[in-house]
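Data block below; observations after.
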Amino acid sequence: MILQASVIIPTFEDWDRLQKCLDCLANQSVAPDLFEVIVANNNASGTLPALPDLPVNARVIHATKPGSYAARNAALRDARGEVLFFTDSDCLPDRRWIEAGLARIATLGPTGRVTGKVELFPKGPGWTGAELFDRVFSFDQKHFLRNGWAVTANLVVRRAAFDLVGPFDEDRFSGGDRTWNMRATQLGCDLVFSEDALVLHPARASFAELAMKVRRLYGGEYRDQEQGLKPKRPLVSYLGFLTINDFRKVGLASGLSTMERIKLLWICFRLGLVRFFEAARLRCFSGEPRRS
């Protein structure tokens with residue numbers, strides 16, 4: 001039997017947040033027999049803790065090759081749905097996520113793609129400086145869409161698009177969603193936005209988490225440069241200078257005090273230094289891109 005949809009969730013040592021994601025998927029507005037949930041366990045060991053509430057339509061597979069894109073590819077090979085829903089184990093899909101995604105993709109061609117809003121939320125009652133930075137600078141899906149791509153935290157794709165484009169580049173730890181979607185756009189696969197296909201995502205609560213993300217993202221950019229997909233920039237261009245885009249985003253962000261804007265610009269500067277040292281490590285010391 002071919003199901004209408006398959007939800008694919010890669011996970012790496014994230015069992016507590018995965019359970020919350022699964023709880024959201026167990027409470028979808030569409031019937032559970034219309035979709036399946038595949039959790040791709042990317043831990044080195046195939047063993048996993050007992051999940052207290054694994055939905056009846058969910059199963060766990062072991063994806064042995066490290067990296068979330070390798071895990072997504074493993075789940076793709078196992079999936080039976082005609083429409084593929086991608087999210088992450090730390091995300092909380094809205095109750096109407098699958099309903100809205102199916103409704104929107106039904107209006108597209110045979111290789112259509114849908115992306116929806118990724119809304120960030122803080123860990124506690126208030127927003128830390130790092131969380132405010134993540135809220136201002138991360139997951140601008142409408143901006144990504146204008147450039148032909150979307151993140152896999154909230155992406156809906158017809159299987160035929162993967163038949164045409166091929167799988168994710170599983171040698172990457174970051175940027176694989178962008179490179180896959182850019183190939184799909186170049187091959188004529190529709191990509192549209194759905195306001196109703198909403199996924200909640202926790203904001204990164206500390207500078208250390210932001211720095212980890214910057215290192216991982218530069219690792220993806222480094223791969224692009226090595227493969228000729230992006231031109232190599234001079235190393236000095238990564239030094240922690242504030243850019244016009246930094247000032248624009250911080251200036252246009254709503255609901256921030258003057259002190260909060262100053263804090264965000266200081267974080268921008270510090271992350272620029274993190275990016276510079278990661279670029280130097282990879283370029284000058286033959287390092288390898290990091291997973292975390």
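The values are calculated or read from the model by the stated rules, or taken from the named source; none is laboratory data. Predicted model, so just to flag it, every value in this text is computed and none were measured. Glycine also receives a Cβ, built like all others from the backbone with ideal geometry; neighbour counts cover every protein chain displayed. Note: accessible area is taken over every heavy atom of the protein model, side chains too, but ligands, DNA and RNA are not part of it. Shrake-Rupley method; radii C 1.70, N 1.55, O 1.52, S 1.80 Å.
All conditions but one from (1) in a loop (DSSP other than H, G, I, E, B); (2) closer than 22 Å to Ala106 by Cα apply to Ile8; the one that does not is (1).
Scanning the stretch 177-208 for residues that are touching a strand residue (DSSP E or B) at 6+ places or on another chain (Cβ under 9 Å), hydrophobic (A, V, I, L, M, F, W, C) and either over 29 Å from Arg158 (Cβ atoms) or part of a strand (DSSP E or B) (or both) yields a count of 8. Among the residues of the stretch 209-222, is any touching a helix residue (DSSP H, G or I) at 6+ places or on another chain (Cβ under 7 Å), farther than 30 Å from Val83 by Cα and either open to solvent by 40 Å² or more (accessible area, probe 1.4 Å) or not in a helix (DSSP H, G or I) (or both)? Yes - at least one qualifying residue is present in the stretch 209-222. Inspection of the stretch 249-261 finds no residue satisfying the criterion of being under 25 Å from Gly176 (Cα atoms), surrounded by 10 or more Cβ atoms within 10 Å (Cβ to Cβ), touching a helix residue (DSSP H, G or I) at 6+ places or on another chain (Cβ under 8 Å) and of a type outside the set (Lys, Arg). Of the residues making up the stretch 162-178, those that are in contact with an Asp or Glu (Cβ under 9 Å, 6 or more places away or on another chain) and closer than 22 Å to Gly101 by Cβ are Phe168, Gly176, Arg178.
Quick check: is even one residue across the stretch 63-80 buried (at least 23 other Cβ atoms within 10 Å of the Cβ), of a type outside the set (Ser, Thr, Tyr), in a loop (DSSP other than H, G, I, E, B) and within 17 Å of the chain's Cα centre (by Cα)? There is no residue in the stretch 63-80 that is buried (at least 23 other Cβ atoms within 10 Å of the Cβ), of a type outside the set (Ser, Thr, Tyr), in a loop (DSSP other than H, G, I, E, B) and within 17 Å of the chain's Cα centre (by Cα).
Scanning the stretch 164-176 for residues that are assigned to a loop (DSSP other than H, G, I, E, B) and either of a type outside the set (Gly, Ala, Ser) or loosely packed, with under 15 Cβ neighbours inside 10 Å (or both) turns up Gly166, Pro167, Phe168, Asp169, Glu170, Asp171, Arg172, Phe173.
Meeting the requirement of 2 or more residues that are buried (at least 21 other Cβ atoms within 10 Å of the Cβ), of a type in the set (D, E, K, R) and at pLDDT 95 or above, the helices (runs of 4 or more DSSP H) wholly within the stretch 83-163 are 129-137.
The set of residues in the stretch 241-267 being within 11 Å of Leu132 (Cβ to Cβ) and either in contact with a strand residue (DSSP E or B) (Cβ under 7 Å, 6 or more places away or on another chain) or of a type in the set (Val, Ile, Thr) (or both) consists of Val250, Ile267. The listed residues are Ala44, Ala31, and the only one of them that is free of Cβ contacts under 8 Å to residues at least 12 places away in the same chain, over 19 Å from Leu155 (Cβ atoms) and surrounded by fewer than 15 Cβ atoms within 10 Å (Cβ to Cβ) turns out to be Ala31.
Of the listed requirements (1) more than 13 Å from the chain's Cα centre (by Cα); (2) without any contact (Cβ under 8 Å) to a residue 12 or more places away in the chain, Asp140 misses just one: (1). Is it true that some residue in the stretch 180-192 is open to solvent by 20 Å² or more (accessible area, probe 1.4 Å), within 24 Å of Phe133 (Cβ to Cβ) and within 17 Å of the chain's Cα centre (by Cα)? Within the stretch 180-192, none of the residues are open to solvent by 20 Å² or more (accessible area, probe 1.4 Å), within 24 Å of Phe133 (Cβ to Cβ) and within 17 Å of the chain's Cα centre (by Cα).
Of the candidates Arg59, Arg17, the single residue that is of a type outside the set (Ser, Thr, Tyr), assigned to a strand (DSSP E or B), farther than 20 Å from Pro167 by Cα and touching a strand residue (DSSP E or B) at 6+ places or on another chain (Cβ under 9 Å) is Arg59. Step by step: first the residues of the stretch 223-239, then only those that are under 20 Å from Asp177 (Cα atoms) and either open to solvent by less than 50 Å² (accessible area, probe 1.4 Å) or at pLDDT 90 or above (or both), then the one that is farthest from the chain's Cα centre (by Cα). Which residue is that? Selected residue: Gln225. For the stretch 268-282, the criterion of being more than 19 Å from the chain's Cα centre (by Cα), more than 23 Å from Ala150 (Cα to Cα) and assigned to a loop (DSSP other than H, G, I, E, B) is satisfied by no residue at all.
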